[in-house]
Every structure is written in C-alpha cells, then in structure tokens.
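Notes to accompany the following structure.
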Amino acid sequence: MIAAIGLVVGILLGLVLTPDVPQWLEPYLPIAVVAALDAVFGALRAFLDGIFNDKVFVISFVSNVVIAALIVFLGDKLGVGAQLSTGVVVVLGIRIFSNVAAIRRHIFHA
Amino acid sequence: MNDTPRAPLDEPHATPGHARRSRAKLLEALRKPSRSQLAGAVLLGLLGFAMVTQVNSNRQDDTYAGLRSSDLVQLLNGLNAEARRADKEIADLEQTRSQLSDSTQRRQAALKRATEESTTLGILAGTLPAQGPGIRIEVTDPKDKVTLNNLLDGVEELRAAGAEAIEFNNDVRVVAQTSFEDAERGVVVDGRRISAPYVIDVIGNPDTLATTLDFIGGFSFDVKASDGNVKVKKLDNVKITTVTKPGSPDFASSADGQ
C-alpha cells in the first residue's frame, strides 16, 4: 500500500512541479528510468515468489540505475553512446518482459 | 539487479492454487502496509517522478536537446553541406541575374540609341513634329509676280544654310521629296495649293538663316524685284507641327555594309 502511494505521490509531484531535466542528466535519465522499471518488476516478481527483501530491493534499484547510467556515460566517452544506450534498453526490455511474464504466471496462472 | 533466482519460463509450480495464493499475497500487501514497504515506496516515488519528468522533457520541442555530440556534429555537417549548396545556388542565380541585367542594359542602350536616331531621322524626313530656334519668313506678293522659281530658290538657300525643318503656311512640310508646281495665284506644294502671303517657318540657326536670304541676288532680292516684300523674324522657338506621311520605298532596299 505504501509503495503504491509512493508511486502515485511521485507521479503527482512530477506532474505538478514539471521540473526541467538538467543538462548533465539528460542522456542518463531515460536509461535510468528503464533500469528502475526493471528493478521494480524484479522486486514484484520476488515478492510473489515469497523471497522479497527490502534491502535487496533498494540495493538492486540503486545499482541498476547507477550501472545503467555508468554504461551510458562510458559509451559516451568511448564514442558509442547511442549504440550502448540502445543495447542497455534492449537488455533491460528483455528482462522486464521476462519478469512481467513470471508475474503474470503468478497472478493469472497463464 | 534483483538477486532473485529466475524461474524458467515453463514454471512447474504455476498451478491454479498458486495463482490464488499469489493474488491473496498482493492484496494483503496492499491492505496491510508494513515498514519494509517504506523503502520501496520512496524508490517507487522516485521512479514515478523521474518517469513523468522524462516524459515531460521528451514532449518539449527539443529535437536536438537529447542528442550526443557526435550526432550533433553529423547534423551540423549536413547543415553545412546544405548551406554550401544553397550558397552555390545563390551565386549561380546572382550570376544569371547579372547576365540578364547586362543584356537588358545593352538592349536598353541600343533601344535608346535607336530611338534617338529615329527621332533625328524623323525630324529630318518630316515625319515628326519639330520645334527649336529658327526664323519666320513672311512673303507678300501683291502683284502676283513671285514665281515658283523664287520660292524654290528660297528653299534651296535655306537648305544650304542648314535648315532642319521647313514648313509652308503652317500647312505643308517641306522635305526632300516635296514637289513644287505652278498654279493659278500661288503654288502647289506636295499637292496642296498655297497662295500669298507665304509664311515659311524654318528651324535652324536663326542668324545664318536670316543672313543667307539677304545676299545680293538671293531670295529677298528676287522677291523685291517682283514687287513683293520679305519680312524675316528670328524666333527662339519655332514650332512645326505638320508632318509628312512616310512612304516605304518600292525599289530601293538597304545595302549591306552600313
């Protein structure tokens, strides 16, 4: 319940404040959001598996975001930023799909 | 990354009872908030915030804002190439324009020259009205003794003195082809009968024209010998309005070389 409320509050805050994305964060924010989504779906799946641990969730969330941003940053420095961010998005997308598939199987048995 | 063991896609424990239990677990978690949800709530809030912010910033008109420097360089190169092409096109078009304006100027100059020439020739040929300094000669002939030859001599003298346009009685323009015939009480000039007193308007240098008539044995002398009288008035502006109809030559055509 608190988690759902947190999500709603975050969305409302974003809608109300409509902050500008700072210049230095611009290339990393979309990737970070996708990485965080992956962490959230992984957590949901772990919860349904009965092995959810809030510490693990926090660490996985933060490390997901940091590593995704790091990969993009490294890619930018190496001159393959666009390609690497595409790769990261693809990998995270696949993970999100598999996690959502597991969650679906848990809830709908299908 | 979540350190949960990943189940294979064909999970063996996916049974109807399991699904029911899973749903119940979710509902319970929604109903009974536990402290361990707090961290998740904060992170989820962060995620929602970031997501909305990103969506908002993506919706703004920033076609180039999210691009990397390499992409921007590529775009810039493309634009530079386009600008160069456009510059070249501008140069080409300007050249064409200057060529066209050159040819227009040449044509205009030629046209101006031709117009001037046609005006000059028209005045000399009598096809255009003319005005300018000149003299007015009034010849009275009380005894009808001034002959055609006298007038013709006068015209010849005026021509020799540089008369550029001659008009008789405000009625007939005298040009190269003008004919003179004798007639009862007067003369027929170009088919028109004119009679005394004759008024001859002449455009040319007034002094030269006036002097040339006064030579001994000249026009004035002859007319006076015929009991007539000649009055010469120098005018600053003589207007000759009658014109002759230009006839196209039947036999002559322009020869090459001029």
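Direction-averaged projected area, Cα convex hull, region B:49-171: 17.7 nm², rounded to one decimal. Summing +1 for each Lys or Arg and -1 for each Asp or Glu among the other residues whose beta-carbon sits under 9 angstrom from that of residue B:188 gives -1. What does the charge add up to near residue B:241, with Lys and Arg as +1, Asp and Glu as -1, over the other residues with Cβ less than 12 Å from its Cβ? Neighbour charge sum, excluding residue B:241 itself: -1.
Note on residue B:108 and residue B:145: the model spin-label points, each 7 Å out from Cα along the C-beta direction, lie 6.3 nm apart. GNM on chain A, alpha-carbon springs under 10 angstrom: the most fluctuating residue among A:14, A:93, A:42 is A:14. Amide H contacts for residue B:204 (H built 1.01 Å from N in the peptide plane; partners 5 or more residues away or on another chain; cut-off under 5 Å): B:134, B:135, B:164. Considering only the Cα atoms of chain B, their convex hull presents on average a projected area of 39.4 nm². Residues in region A:59-75 carry Karplus couplings, in order, of 5, 5, 4, 5, 5, 4, 4, 5, 5, 4, 4, 4, 4, 5, 4, 4, x Hz; the curve used is 6.51 cos²θ - 1.76 cosθ + 1.60 with θ = phi - 60°, and Gly or Pro positions show x. The phi-based Karplus calculation (6.51 cos²θ - 1.76 cosθ + 1.60; θ = phi - 60°) puts the 3J(HN,Hα) values of region B:223-233 at 5, 5, 5, 8, 6, x, 9, 10, 10, 10, 10 Hz, whole numbers, x for Gly and Pro.
Here the protein assembly as shown has 60 percent of its accessible surface on carbon and sulfur atoms, given a 1.4 Å probe and all protein chains in place. Modelled spin labels at residue A:5 and residue B:184, positioned 7 Å past Cα toward Cβ, are 13.8 nm from each other.
Other chains near B:103-114: what is the mean number of their Cβ atoms within 10 Å of each residue's Cβ? Spell out each step's value before the answer.
Numbers: counts 0, 0, 0, 0, 0, 0, 0, 0, 0, 0, 0, 0.
Counting Cβ atoms of other protein chains within 10 Å of each residue's Cβ and averaging gives 0.
Label chain A by shape, choosing from rounded, prolate and oblate, from the square roots a ≥ b ≥ c of the eigenvalues of the Cα gyration tensor; if a/c is under 1.5 it is rounded, and otherwise prolate applies when a/b is larger than b/c, oblate when it is not. Taking the square roots of the gyration eigenvalues as a ≥ b ≥ c, chain A is oblate.
Counting only other chain Cβ atoms within 10 Å of each residue's Cβ, the peptide A:58-66 averages 4.
Could you work out the relative contact order of region B:157-214, using alpha carbon pairs under 8 angstrom and six or more residues apart, expressed as a whole percent? Show your work: numbers first, answer last.
Details: 79 pairs, mean separation 25.1, N = 58.
Relative contact order comes out at 43 percent.
Show me you know the interface measure: the accessible area buried between B and A, both chains summed, probe 1.4 Å, in Å² to the nearest 100. Interface between B and A: roughly 4600 Å². Of the residues B:78, B:162, B:45, the one that moves most in a GNM of chain B with alpha-carbon contacts below 10 Å is B:45.
The alpha carbon convex hull volume per residue for the protein assembly as shown rounds to 349 Å³.
The loop-placed trypsin sites (Lys or Arg not before Pro) in region B:80-160, going by DSSP, that have at most 14 neighbouring Cβ atoms within 10 Å of their Cβ come out as B:143, B:145.
Shown in residue order for region B:144-149 are the 3J(HN,Hα) couplings computed by the Karplus curve 6.51 cos²θ - 1.76 cosθ + 1.60 at θ = phi - 60°: 6, 10, 6, 9, 4, 4 Hz (x for Gly and Pro).
What is the dipole size for the protein assembly as shown, taken about its Cα centre, with +1 at each Lys and Arg Cβ and -1 at each Asp and Glu Cβ, in debye to the nearest 20?
Values: 38 positive and 42 negative charges, 757 e Å.
Computed about the Cα centre, the dipole is about 3640 debye.
Step by step: find N for region B:211-256, compute 2.2 N^0.38 Å, then divide the Cα radius of gyration by it. What's the final number? All intermediate terms of the calculation are to be shown ahead of the outcome.
Values: Rg = 18.7 Å, N = 46, 2.2 N^0.38 = 9.4 Å.
Normalised Cα radius of gyration, region B:211-256: 1.98.
In this structure region A:23-108 gives 48 Å² per residue of accessible area when probed at 1.4 Å with all protein chains present.
Hey, which of these cross-link pairs are over 23 Å Cα-Cα: B:224/B:245; A:55/A:77; B:143/B:245; B:143/B:231?
In this structure, B:224/B:245; A:55/A:77; B:143/B:245 exceed 23 Å between Cα atoms.
The values are calculated or read from the model by the stated rules, or taken from the named source; none is laboratory data. What you see is a predicted model, and the numbers here were worked out from it, not measured in a lab. Methodologically, a virtual Cβ is constructed for each residue, glycine included, from the backbone with ideal geometry; neighbour enumeration extends over all protein chains shown. Calculation scope for accessible area: heavy atoms of the full protein, side chains included, ligands and nucleic acids excluded. Shrake-Rupley method; radii C 1.70, N 1.55, O 1.52, S 1.80 Å.
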